[in-house]
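The values are calculated or read from the model by the stated rules, or taken from the named source; none is laboratory data. Everything numeric in this text was worked out from a predicted model, so none of it was measured. Here the Cβ positions follow ideal geometry from the backbone for every residue, glycine too, while neighbour counts run over all protein chains shown.
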Amino acid sequence: MKIIPAIDLINGKCVRLYQGDFNQTEQVADDPIKQLDHFIEDGAELIHIVDLDGARDQTKRQYQLIEQLCKKSSVPIQIGGGIRSMDTVDQLMNSGASRLVIGTAAIEDLTFLKQAIAKYPEAIVVGIDAKNGKVATHGWETVSTVDYIEFAKKIEGLGIQTIVFTDISKDGTMSGPNLDQLKVLNQAVSCKIVASGGISHYDDIKAVAQIGIEEAIVGKAIYQKKITLKGARQI
């Protein structure tokens with residue numbers, strides 16, 4: 001089981017949100033570069049970085065910090081958070097990102113998504129963030145009427161190979177992942193599914209692995225030392 005540690009950034013600090021609510025923000029580390037080094041020392045194979053400032057306001061994207069993190073890292077970096085234009089895609093790829101997670105724009109701007117896939121076919125990942133089975137957008141602040149399974153099948157048809165699935169109601173709650181939705185999604189498409197949200201202990205990781213999912217993004221449980229990367233590798 002590959003555990004992908006998460007670094008969520010607001011104003012240059014590492015934070016965690018509760019159910020995607022920007023009003024319920026907890027700072028978990030002061031220095032993202034030190035946190036990156038710590039994850040690499042612990043054996044991370046891939047690190048997930050989310051620019052929460054950029055997700056809410058394109059003019060506040062933390063390009064300089066992200067470039068520093070990408071250049072510092074000896075393992076691949078996956079970037080997400082408000083990626084909605086080819087200019088942003090190009091700049092993040094030029095900064096050293098290995099994979100980009102496109103969320104809102106994947107559902108609102110298929111022309112852009114197709115362009116991104118055409119230019120960087122191996123690097124483009126779609127993040128499906130859902131609430132009650134419906135796809136959420138704009139930093140999780142808007143919930144659409146689009147069913148997450150229908151959307152997954154649509155983007156699979158466009159050539160997407162990897163989907164990061166997050167049940168917003170589970171994210172940051174330490175209450176366990178939504179195994180039912182993950183299982184249905186994993187069976188509905190042939191894309192690699194990366195589980196995200198709610199993983200709080202090793203039993204959660206085992207449960208995700210048992211339904212056939214091989215990668216999971218973990219945030220709060222790592223910062224609270226309930227899960228270590230070394231421990232997760234034994235599963």
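General observations
- Of the candidates Val194, Val143, Val208, Val218, the single residue that is under 16 Å from Ala105 (Cα atoms) and among the hydrophobic types (A, V, I, L, M, F, W, C) is Val143.
- Residues that are buried (at least 17 other Cβ atoms within 10 Å of the Cβ) and of a type in the set (A, V, I, L, M), drawn from region 149-161: Ile149, Ala152, Ile155, Ile160
- Residues of region 207-223 classified as in contact (Cβ under 8 Å) with a residue 40 or more places away in the chain and either farther than 12 Å from Pro5 by Cα or not in a loop (DSSP other than H, G, I, E, B) (or both), total: 11
- Taken across region 183-194, residues that are within 19 Å of Ala44 (Cβ to Cβ) and buried (at least 18 other Cβ atoms within 10 Å of the Cβ) do occur, with at least one present.
- Complete set of residues in region 30-78 that are in contact (Cβ under 8 Å) with a residue 12 or more places away in the chain, surrounded by fewer than 14 Cβ atoms within 10 Å (Cβ to Cβ) and polar (S, T, N, Q): Ser74
- Any hit, region 204-219, residues being among the small types (Gly, Ala, Ser), at pLDDT below 95 and buried (at least 17 other Cβ atoms within 10 Å of the Cβ): yes
- Counted residues, region 91-111 - those being assigned to a helix (DSSP H, G or I) and either crowded, with 18+ Cβ neighbours inside 10 Å or in contact with a Pro (Cβ under 7 Å, 6 or more places away or on another chain) (or both): 6
- Condition check for Leu229: in contact with a Pro (Cβ under 8 Å, 6 or more places away or on another chain) and either touching a residue at least 24 places away in the same chain (Cβ under 8 Å) or crowded, with 20+ Cβ neighbours inside 10 Å (or both): yes
- Top-ranked residue in region 127-148 [being modelled with pLDDT of 85 or more and not in a strand (DSSP E or B); ranked as surrounded by the most Cβ atoms within 10 Å (Cβ to Cβ)]: Tyr148
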